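The values are calculated or read from the model by the stated rules, or taken from the named source; none is laboratory data. All figures in this text were calculated on a predicted structure; none of them were measured in a lab. Note: ideal-geometry Cβ built from the backbone for every residue, glycine included; neighbour counts use all protein chains shown.
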Amino acid sequence: VRRRDFAAAAGAFLALAASAEAHALLEHARPAAGAVLNTAPSELRLSFSERVEPALCSVALADEAGHALALAAPVATAGARTLVARIDTTLAPGLYRVRWRAVSVDTHVTEGAFSFRIAP
Ligand SMILES: [Cu+2]
């Protein structure tokens, strides 16, 4: 009986782990994390492992000094797995930091940040 209880508990744990994997994780981005670009990007494109709810997601861009830069509200594409945020200004050479917060269709929240550089 004790062994069976353990198996049931292990099964419940595995089910929990599987649902945790349904969070929207950032799979790739353009510009990519750590990229050094020769031309300023006109948009940020974040691709996730799960479908996201664009109205509940946020993407922010800041320069090296931490000043926020104007971005359009992110829109979803690619079967709602990709968020695209248009950059409303021409970015000068320098280091930029992207912060994102995504809400997947299962309502789980994930967030992260990465940087890219525009070469002089
Ligand atoms: Cu989830």
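Answer yes or no: is there a residue in the range 9-26 that is modelled with pLDDT of 95 or more and exposed (fewer than 13 other Cβ atoms within 10 Å of the Cβ).
No, the range 9-26 contains no residue that is modelled with pLDDT of 95 or more and exposed (fewer than 13 other Cβ atoms within 10 Å of the Cβ).
Please specify each residue of the range 81-97 satisfying the condition of being touching a residue at least 24 places away in the same chain (Cβ under 8 Å) and not aliphatic (A, V, I, L, M).
If the condition is that a residue be touching a residue at least 24 places away in the same chain (Cβ under 8 Å) and not aliphatic (A, V, I, L, M), then ARG81, THR82, ARG86, THR90, PRO93, GLY94, TYR96, ARG97 are the ones that fit.
Would you say ALA68 is free of Cβ contacts under 8 Å to residues at least 60 places away in the same chain and more than 16 Å from the ligand (Cβ to nearest atom)?
For ALA68, the condition - free of Cβ contacts under 8 Å to residues at least 60 places away in the same chain and more than 16 Å from the ligand (Cβ to nearest atom) - is met.
Of all the strands (runs of 3 or more DSSP E) wholly in the range 46-98, which have at least 2 residues that are within 14 Å of GLU111 (Cα to Cα)?
Numbers: elements: 58-63, 75-77, 82-86.
So the answer is 58-63.
Specify which of the listed residues (THR89, THR110) is of a type in the set (S, T, N, Q) and within 16 Å of the ligand (Cβ to nearest atom). Reasoning before the result, please.
On the way: THR89 fails: within 16 Å of the ligand (Cβ to nearest atom).
When all the criteria are applied, what remains is THR110.
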